[in-house]
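A.B. asks: First the structure, which I've put down as structure tokens, then a few questions once you've had a look.
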Amino acid sequence: MAREALIAALTAGDAPVVAVFGDFCLDRYVYIDAERDEPSVETGLTAWQIVGERCQPGAAGTITNNLRALGAQVFCVGLLGKDGAGYELKKALQQVGASIEYMVETEERCTCCYLKPMRRENGRETELNRHDYKNFTSTSRELEDALLDNLRRVLPQCDAVLVCDQYMEQDCAAVTAYVRAGLAKLAEEFSEKVFYADSRGFIDQFDKMIIKCNHNEIAKIFAVSPDTVDEAAAGQYAAKLAERTGRPVVVTLGERGSVVWDGREAAHVPAFPVTGEIDVVGAGDACNAGLVYALCKGLPLRDAALVGNAASHLVIRQIGTTGTARLEDVVIVLKK
């Protein structure tokens, strides 16, 4: 599709309605002023002094942020603990205009949280070791069913379901093996909806929906070196993966763009060049949001992937934060 027609389709009509399903977490940035370091009286160790903090939605919440920046209406379906991080996450999701009506709140789980210390020193901010709060016990069947029931309830209002499977611990978060099977059934039942999934560790276990992985993830699936996954290999592996899942596959390749398999052929979709310092945190989530937004607008997969690449291009230029891509900025990138 010509760029002018692509942009016209992307910006015409009503904004899509998307259910973001899966693993939500809180990104909590705490800012340390190096000039205020002081020794602990009790231990003698350096006590870092926190002078500010910022909370924003992470993981599926980052996808939510980007969909909202594009203009989509978003319903969030995931797990929340009855804890301080859960309170902050609910507040942060509401602040970006997302609905939390279908979130499942429970005392069985802690709210997943990425605590990100940022040290200010000599005029620069440096991110230190992240502190993660997540669950290491199995999610109960009661919670799994509650998540799937809530998704079923909201689905009639939605154009798409975007699944975020964030964690490598098997069956400890919102997206478990049982939930994946339930999602496949819903994807068949609501075949007129766009179903799309991204997973760090289990992408080959999703059926009946479009899946996206990066070159490292698909290399792991096929037990090859990531260095061997060029555009041609990505297309071959995507076709093989599509045989398992029954739907199209997208493989992202960083600065080389992405490769899509639409069920008939593989196509390479270029990235948008960028110079200077970059920060890749959140690039995949922005890509997911842009791609699904475009699919909801009726764009074919190849053109939707180009929109996803434009969103990623914008996010990697936002340093020291998990950025977002606004629709008007995506359009500017697409016009280049």
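A.B. asks: State the antiparallel share, in %, of DSSP beta bridges confined to the chain, rounding to the nearest 5. List each step's numbers first, then the result.
C.D. replies: Details: 26 of 62 bridges.
The antiparallel proportion sits near 40 percent.
A.B. asks: What is the Cα centroid distance between the stretch 153-188 and the stretch 39-81, reported in whole angstrom?
C.D. replies: 23 Å
A.B. asks: Follow-up. Tell me the carbon and sulfur percent of the accessible area for the chain, rounded to whole percent, probe radius 1.4 Å. Don't skip to the end; give the middle numbers.
C.D. replies: Details: 7080 of 15020 Å².
Ligands and nucleic acids excluded, carbon and sulfur reach 47 percent.
A.B. asks: Over the chain, what is the relative contact order in percent, taking alpha-carbon pairs closer than 8 angstrom and at least six residues apart? Display every interim value, and only then the final one.
C.D. replies: Details: 729 pairs, mean separation 56.0, N = 336.
Computed value for the chain: 17 percent relative contact order.
A.B. asks: Antiparallel DSSP bridges in the stretch 182-332: what percent, to the nearest 5? List each step's numbers first, then the result.
C.D. replies: Details: 8 of 15 bridges.
Here the share of antiparallel DSSP bridges comes out near 55 percent.
A.B. asks: Which value in deg cm²/dmol, rounded to the nearest 500, describes the helix-derived mean residue ellipticity at 222 nm for the chain, given -39,500 (n - 2.57) per DSSP H run of n ≥ 4 and division by the residue count?
C.D. replies: Numbers: 10 runs with 119 residues, N = 336.
The helix-only estimate for the chain comes to -11000 deg cm²/dmol at 222 nm.
A.B. asks: Also, quick follow-up: Within the stretch 123-274, how many lysine pairs that are 8 or more places apart, or on different chains, have C-alpha atoms less than 25 Å apart?
C.D. replies: 14
A.B. asks: A further question on this structure: What's the FRET efficiency of Gln94 with Glu121 using the Cβ-Cβ distance as r and R₀ = 22 Å, to the nearest 0.05?
C.D. replies: Details: r = 34 Å, r/R0 = 1.56.
For Gln94 and Glu121, the calculated efficiency is 0.05.
A.B. asks: Here's another thing I want to ask about it. Work out the length of the dipole vector of the chain about its Cα centre, built from +1 on the beta-carbon of each Lys and Arg and -1 on the beta-carbon of each Asp and Glu, and round it to the nearest 20 debye.
C.D. replies: Working: 36 positive and 48 negative charges, 148 e Å.
Dipole magnitude for the chain comes out near 700 debye.
A.B. asks: Using DSSP to call loops (not H, G, I, E or B), can you name the GluC sites (Glu not before Pro) in the stretch 96-167 whose Cβ has at most 11 other Cβ atoms within 10 angstrom? Each step should come with its number before you reach the end.
C.D. replies: Numbers: sites: Glu101, Glu105, Glu107, Glu108, Glu121, Glu125, Glu127, Glu142, Glu144; in loops: Glu101, Glu107, Glu108.
Answer in residue order: Glu101, Glu107.
A.B. asks: At 1.4 Å probe size, with every protein chain present, just tell me what the per residue accessible area of the chain comes to in Å². Kindly include the intermediate steps, with their values, before the conclusion.
C.D. replies: Working: 15020 Å² over 336 residues.
Heavy-atom SASA per residue in the chain reads 45 Å².
A.B. asks: Within the stretch 1-28, name every residue whose backbone N is under 12 Å away from a label modeled 7 Å from Cα of Ala239 along the Cβ vector.
C.D. replies: Backbone N within reach: none found.
The values are calculated or read from the model by the stated rules, or taken from the named source; none is laboratory data. Not measured: the values here are computed from a predicted model. Please note: Cβ atoms are built from the backbone with ideal geometry, for glycine as well, and neighbour counts cover all protein chains shown. SASA here: full protein model, heavy atoms, side chains in, ligands and nucleic acids out. Shrake-Rupley method; radii C 1.70, N 1.55, O 1.52, S 1.80 Å.
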